[in-house]
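**Student:** Questions regarding the structure given below will be posed in turn.
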Amino acid sequence: MRLNVLGRRTLLIAVGLLLLINGCGYLPATPSASRAGAPVQRIVIPVFLNDTFEPALEGKLTRMVKQEFLTRPGYRIIQDPAQAHLILEGKITAFSLTPLSFNQSFQVAEYRVSITTDVNVLQAQDRKLLWQQGGIQATAEFLVSPDPGVSRSAQDLAIDEAAKRIAEEIWTGVSRLTSSESLAKPERPPRAEGGVGASEDVPMDPLQGPPHKREGP
């Protein structure tokens with residue numbers, strides 16, 4: 001009998017603690033949650049242009065930029081420019097592999113990857129240029145292996161590291177822009193012809209229902 005009483009008391013205490021925690025507002029945080037009251041900016045990020053001879057570099061950099069905005073609060077990536085606040089366009093202007101060190105056989109032992117990018121941020125409504133930054137550059141190093149496959153994998157990891165640094169710099173510039181600029185809201189789709197208030201919205205009286213269409217003279 002005493003065990004049943006203790007069990008009930010333990011259960012009541014546990015329930016009370018859960019209610020206390022929920023009442024104090026302890027909620028799990030999510031990476032995509034925006035700051036309280038801060039508007040969410042809808043942004044379109046097309047695939048970057050690639051003016052270099054490094055294959056698939058545009059896809060890697062674009063993926064890193066999108067990932068940066070997905071993990072930051074206050075932004076939502078969409079595909080339709082008509083529903084967006086911002087359009088972020090980029091172009092890779094340079095890619096290089098620079099030898100850093102050599103082994104005893106005078107073969108390259110370490111390379112430095114360098115990526116350079118230009119970025120434009122446009123207001124989606126009228127394509128007004130809001131921010132432009134040229135020559136965004138980032139580097140990363142990797143060691144050469146006797147196995148060509150291993151060396152290529154190390155190079156790809158270095159490219160990803162440099163691309164992530166560029167993505168972070170792009171996000172920093174855009175976040176400063178959106179915190180200081182008053183961005184235009186996306187236009188609403190046009191109203192159907194012949195509808196009530198085709199040129200402007202007509203307020204509706206909640207007691208009388210929608211207004212009647214005016215008849216001609």
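**Student:** Just to be sure I understand, how many residues within the stretch 106-124 are part of a loop (DSSP other than H, G, I, E, B) and buried (at least 16 other Cβ atoms within 10 Å of the Cβ)? Write out each step before concluding.
**Tutor:** Taking the stretch 106-124 and keeping what is part of a loop (DSSP other than H, G, I, E, B), we get 106-107, 124.
Still in the running and buried (at least 16 other Cβ atoms within 10 Å of the Cβ): 124.
Of the residues in the stretch 106-124, 1 are part of a loop (DSSP other than H, G, I, E, B) and buried (at least 16 other Cβ atoms within 10 Å of the Cβ).
**Student:** Between a first residue in the stretch 74-89 that is on the phi > 0 side of the Ramachandran plot and a second residue that is surrounded by fewer than 18 Cβ atoms within 10 Å (Cβ to Cβ), which pairs have beta carbons less than 7 Å apart while being 6 or more apart in sequence or on different chains?
**Tutor:** Sorted first by the residue in the stretch 74-89, then by its partner, the pairs are G74/S34; G74/R35; G74/A38; G74/V40.
**Student:** Oh, and also: Return the only residue of A163, A158 being within 25 Å of Q79 (Cα to Cα) and modelled with pLDDT of 95 or more.
**Tutor:** Numbers: A158 fails: within 25 Å of Q79 (Cα to Cα).
The conditions single out A163.
**Student:** For the stretch 131-177, what are the residues that are in a helix (DSSP H, G or I) and more than 21 Å from the chain's Cα centre (by Cα)?
**Tutor:** Initially, the stretch 131-177 is screened for residues in a helix (DSSP H, G or I), giving 148-177.
Scanning the stretch 131-177 gives P148, G149, V150, S151, R152, S153, A154, Q155, D156, L157, A158.
**Student:** When you scan the stretch 53-94, how many residues do you find that are among the β-branched types (V, I, T) and in a strand (DSSP E or B)?
**Tutor:** Taking the stretch 53-94 as the starting set, the residues that turn out to be among the β-branched types (V, I, T) are 62, 65, 71, 77-78, 87, 92-93.
If we keep only those that are in a strand (DSSP E or B) too, we end up with 77, 87, 92-93.
Within the stretch 53-94, residues that are among the β-branched types (V, I, T) and in a strand (DSSP E or B) number 4.
**Student:** Output the number of residues of the stretch 142-181 satisfying the condition of being under 22 Å from N103 (Cβ atoms) and either hydroxyl-bearing (S, T, Y) or in contact with a Phe, Trp or Tyr (Cβ under 7 Å, 6 or more places away or on another chain) (or both).
**Tutor:** 9
The values are calculated or read from the model by the stated rules, or taken from the named source; none is laboratory data. Computed from a prediction, not measured in an experiment: that's the story for all the values here. Counting neighbours? That spans all protein chains shown, and the Cβs are built from the backbone with ideal geometry, glycine included.
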